[in-house]
Amino acid sequence: MGAASQIKSSLYLKMGNVEAAFRNLHQDLLDGCKTGDQKAQFQIYKLYYKAMYNTSLRIVSDTMEAEDIMQESFLSAFEKIDTYSGTVSFGAWLKKIVINRSLDALSRRKAIFEDIDSHTGIRDDSSEDIIRKEELDVRVEEVKEAINRLPDGYRIILSLYLLEGYDHDEIAEILSISSSTSRSQLSRAKQKLLGELKRK
């Protein structure tokens, strides 16, 4: 075997090991869930319920509704766990279910971005300015509280981008909008958040 072939073979082996480790993090529990093992389901629930509840709460801003959505999302995930392919982490797959259910719940109350368009005089600056600590010396909790006080549309964009870590392409897919709309609305949301923080 030549040097190039050995390197290639070694690379494939390493990549295979990384993929296997990624897939098998809680694979025994996930396999149990696929067979309907309630103990495995409970273990998975214990591992993820808090993060999923917080994700939903940041979107719907209602503790009881977030609790319901989180429970329904787990039931839905366990029902269709055979469709989980392992190409992303189970947590990421589950979070997508939670976000979609949260958005559905919110859209049943009202159109998500209705309140964004009703605000006038907000500078639509699509630059990617990040809220700098030196500009506003506030704690993370104060920022989260300020985000929770914002109208639904602003809160959703900021939560998905700043707190959940989605990029604009992913947000565009989740909310069925364009990437440029996501950028523009994030900029508006940041301006609104800055105003809220300065007001406090």
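Just so it is clear, none of the values below were taken in a lab; they were calculated from the coordinates. Because the structure is a prediction, the values reported are computed rather than measured. Quick reminder, even Gly has a Cβ in these numbers, built from the backbone with ideal geometry, and neighbours come from all protein chains shown.
For this structure, a couple of remarks:
- In order along the range 46-63, phi translates into HN-Hα couplings of 5, 5, 10, 4, 5, 4, 5, 4, 5, 4, 5, 4, 5, 8, 8, 6, 8, 4 Hz, rounded to whole numbers, per the Karplus curve 6.51 cos²θ - 1.76 cosθ + 1.60 with θ = phi - 60° and x for Gly and Pro.
- Alpha-carbon centroid distance for the pair the range 50-114 / the range 145-200, whole angstrom: 18
- Distance violations [Cα-Cα > 21 Å] among 96/192; 95/198; 80/144; 50/144; 144/190: 96/192; 95/198; 80/144
- FRET efficiency for the residue 83 to residue 46 pair, using the beta carbon distance and R₀ = 22 Å, is estimated at 0.45.
- Cα-Cα P(r), the range 27-109, percent of pairs per 5 Å interval: 3, 16, 28, 24, 16, 9, 4, 0
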